[in-house]
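Worksheet for the structure shown next.
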Amino acid sequence: MTQADIVERAKQGDAGAIATLLNQGFKKRGITAIVKLDQHCLMIELRSLQAINQLAAIAVIQQGMNHLKPAHIQTVLVSGQAEDGADNWMESFTLSQEANPATSTFSQVSHPPSPLNHQRSSKNLLSQRKPSPRSAASSKLLRPQQISTSGWGALLTGLILAIALFILSPLKLLFRGFLVLVHEVGHAITHWAFGRPAIPTVNIYFGGGVTITFGQIWLLNALIYLAIAYLVYRLRAYPRLQGVVAIATLLYTYCLLTRTNTLLSTFMGHGMELIAIVVCLFLATSGYFCRIKGDRTIYAMLGFFTCFSDTEFSWQLLHDSDFRYHYEDGIGGIIDNDFVILANEYFGVNLSAIAQAFLLACLAMPAIAFLMWRYQPWLLSASRQLLKS
């Protein structure tokens with residue numbers, strides 16, 4: 001295949017051709033580029049034995065991509081990874097919508113700037129690719145993402161499968177195990193986060209699951225704070241991100257020192273089910289982390305099945321008196337169920353109020369997953385702002 005053929009395929013959005021062009025340019029600097037295309041997002045991973053000059057690498061890639069204008073690609077996500085794990089970074093940018101020039105190659109990266117001349121070479125690269133005001137505004141324009149044909153296919157197929165599982169009682173009972181696992185893991189993770197060891201298990205006597213929780217171990221909390229301190233140290237070059245971590249630490253401390261931590265531990269069983277709906281449907285919509293054919297359909301099926309099950313559960317609490325009576329009676333008549341605890345011990349409201357809030361949350365989760373995909377460029381842009389020094 002000739003160089004012209006490679007360039008032409010790169011213009012058509014071929015990830016392999018783009019990887020070939022990048023590796024041709026970065027070869028002399030010992031940098032390897034791994035390229036993957038996920039719908040309208042091109043992910044470029046740069047690997048090297050030494051730290052990669054982030055500013056120069058981004059400048060060169062952005063210049064080359066704006067020349068190529070690969071078809072159907074709107075966002076480029078670039079990450080740099082050194083062999084020793086130091087100075088890893090991630091950056092993203094959107095592509096300008098201007099017409100392709102007659103010739104487009106990555107020949108500009110044949111001699112990337114030396115790390116010894118970081119500031120000078122970075123300035124030169126930036127001055128070479130300095131766009132006009134109109135071009136700069138165009139390159140920064142964020143556009144909502146559309147769901148691809150394969151994404152719609154996966155969502156529709158997953159929806160049909162979820163409906164079938166929900167209707168067929170044996171299969172419905174089988175996949176309830178997935179909900180039990182998600183539910184109990186949610187409890188366990190939250191308990192561990194607040195210094196209480198916990199083990200998610202199956203309730204062999206009454207069905208469902210139960211999380212075995214042990215007492216508070218303050219050594220675990222001390223280790224958590226040490227981990228936070230180390231994270232703040234590693235983020236010393238990113239003060240904005242340090243500020244976010246500081247605010248999160250203050251919120252964590254407030255929860256730890258008040259009843260809020262046990263409230264969260266009680267709620268996060270059902271809360272993790274809501275998270276599972278969003279995560280599964282987002283993965284099905286975006287195609288991220290899908291390695292084999294059918295992954296997206298499975299994600300969609302699990303997301304919709306969880307949504308249907310939780311919606312049915314909250315609806316029964318509201319309208320089925322027998323179901324509500326058994327739920328309020330607790331597990332074996334001894335252990336109160338989560339929503340009963342939340343209603344009586346924390347919020348002082350009727351169980352119906354908790355059920356109504358959960359029903360609304362269930363119905364909102366698919367919309368949240370869709371909005372996260374549609375406005376992902378804005379989320380990436382906000383993340384970039386946090387990574388600015």
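Does Thr306 qualify as being within 25 Å of Ile204 (Cα to Cα), under 19 Å from the mean Cα position of the chain (by Cα), buried (at least 21 other Cβ atoms within 10 Å of the Cβ) and in the same structural domain as Phe214 (by TED's automatic domain parsing)?
Values: within 25 Å of Ile204 (Cα to Cα): yes; under 19 Å from the mean Cα position of the chain (by Cα): yes; buried (at least 21 other Cβ atoms within 10 Å of the Cβ): yes; in the same structural domain as Phe214 (by TED's automatic domain parsing): yes.
The answer is yes for Thr306.
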Across (1) outside any helix (DSSP H, G or I); (2) in contact with a helix residue (DSSP H, G or I) (Cβ under 9 Å, 6 or more places away or on another chain); (3) modelled with pLDDT of 80 or more; (4) surrounded by 18 or more Cβ atoms within 10 Å (Cβ to Cβ), Ala71 clears everything bar (4)
Looking only at segment 285-305, which residues are modelled with pLDDT under 95, within 19 Å of Gln145 (Cβ to Cβ) and either assigned to a helix (DSSP H, G or I) or in contact with a strand residue (DSSP E or B) (Cβ under 8 Å, 6 or more places away or on another chain) (or both)? Thr285, Ser286, Gly287, Tyr288, Arg296
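For segment 159-181: of the residues being of a type in the set (Gly, Ala, Ser) and farther than 16 Å from Asp310 by Cβ, which is surrounded by the fewest Cβ atoms within 10 Å (Cβ to Cβ)? Before the answer, list the steps.
Filtering segment 159-181 for residues of a type in the set (Gly, Ala, Ser) gives 162, 164, 169, 177.
If we keep only those that are farther than 16 Å from Asp310 by Cβ too, we end up with 164, 169.
Numbers: Ala164: 13, Ser169: 9.
If we take residues in segment 159-181 being of a type in the set (Gly, Ala, Ser) and farther than 16 Å from Asp310 by Cβ, then Ser169 is surrounded by the fewest Cβ atoms within 10 Å (Cβ to Cβ).
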Hey, does segment 193-200 have a residue that's part of a helix (DSSP H, G or I), touching a residue at least 12 places away in the same chain (Cβ under 8 Å) and under 20 Å from Gly303 (Cα atoms)? no
Condition broken by Lys388, with the remaining ones in (1) in contact (Cβ under 8 Å) with a residue 24 or more places away in the chain; (2) surrounded by 15 or more Cβ atoms within 10 Å (Cβ to Cβ) satisfied: (2)
Is it true that Asn203 is under 25 Å from Glu312 (Cβ atoms), touching a Gly at 6+ places or on another chain (Cβ under 8 Å) and of a type in the set (S, T, N, Q)? yes
Residue check: is Phe282 under 20 Å from the mean Cα position of the chain (by Cα), assigned to a loop (DSSP other than H, G, I, E, B) and more than 26 Å from Phe339 (Cα to Cα)? no
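Give the residue, chosen from Gln242, Gln216, that is among the polar types (S, T, N, Q), within 23 Å of Ile335 (Cα to Cα) and free of Cβ contacts under 8 Å to residues at least 24 places away in the same chain. Before you say what the answer is, go through the steps one by one.
Values: Gln242 fails: within 23 Å of Ile335 (Cα to Cα).
From the options Gln242, Gln216, the qualifying one is Gln216.
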Failed condition for Ile341, given (1) assigned to a helix (DSSP H, G or I); (2) loosely packed, with under 14 Cβ neighbours inside 10 Å: (2)
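Name the single residue, out of those in segment 10-49 being charged (D, E, K, R) and part of a helix (DSSP H, G or I), that is farthest from the chain's Cα centre (by Cα). Even if it seems obvious, please write down each step before you answer.
Of segment 10-49, the ones charged (D, E, K, R) are 11, 14, 27-29, 36, 38, 45, 47.
Narrowing the set further to residues that are part of a helix (DSSP H, G or I) leaves 11, 27-29.
Details: Lys11: 29, Lys27: 32, Lys28: 34, Arg29: 32 Å.
It comes out as Lys28.
The values are calculated or read from the model by the stated rules, or taken from the named source; none is laboratory data. Just so it is clear, the structure is predicted and the values come from calculations on it, not from any experiment. FYI the Cβ positions are ideal-geometry reconstructions off the backbone, even for glycines, and counts take in every protein chain you see.
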